[in-house]
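Have a look at the structure below before the remarks.
The values are calculated or read from the model by the stated rules, or taken from the named source; none is laboratory data. Everything quoted here is computed from the prediction, not taken from an experiment. No Cβ is skipped: glycine too gets one built from the backbone with ideal geometry, and neighbour counts run over all protein chains shown.
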């Protein structure tokens with residue numbers, strides 16, 4: 001009976017140590033880190049009737065775990081961000097495409113797009129600007 005109890009205690013200790021080590025391993029996994037090559041893009045002068053314009057903001061994952069873009073939102077309906085939902089591996093590049101519709105919006109513009117990630121930083125803002133002419 002005593003030897004059975006010892007075996008059960010040893011097995012429970014092994015199980016506890018294994019679970020504890022697994023938990024530490026998961027907590028200690030890498031951190032994805034987002035770095036944009038540029039945060040602001042100036043379209044300069046664009047024609048109001050020339051159609052939509054787009055720019056791709058390139059970024060790199062300088063962290064040591066997969067980076068995921070969770071969301072990208074613009075201030076208004078005239079600016080539309082798009083992005084891949086696929087994870088970006090460490091050392092790899094990705095893009096956020098921002099499209100602006102100048103129709104009916106003469107004058108200068110300055111629009112922010114907020115990008116949310118699973119890494120560091122959690123939130124980054126990229127900007128587009130320009131001047132819509134007739």
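A few notes on this one:
- In segment 15-43, the residue that is modelled with the lowest pLDDT out of those that are in a loop (DSSP other than H, G, I, E, B) and within 19 Å of residue 66 (Cα to Cα) is 28.
- Reported count of residues in segment 97-129, each being touching a strand residue (DSSP E or B) at 6+ places or on another chain (Cβ under 6 Å), touching a residue at least 60 places away in the same chain (Cβ under 8 Å) and under 16 Å from residue 38 (Cα atoms), is 7.
- Cβ-Cβ contacts under 6 Å between residues 6 or more apart (or on different chains), taken from a first residue in segment 28-39 that is in the same structural domain as residue 90 (by TED's automatic domain parsing) to a second residue that is assigned to a loop (DSSP other than H, G, I, E, B) and loosely packed, with under 11 Cβ neighbours inside 10 Å, are absent.
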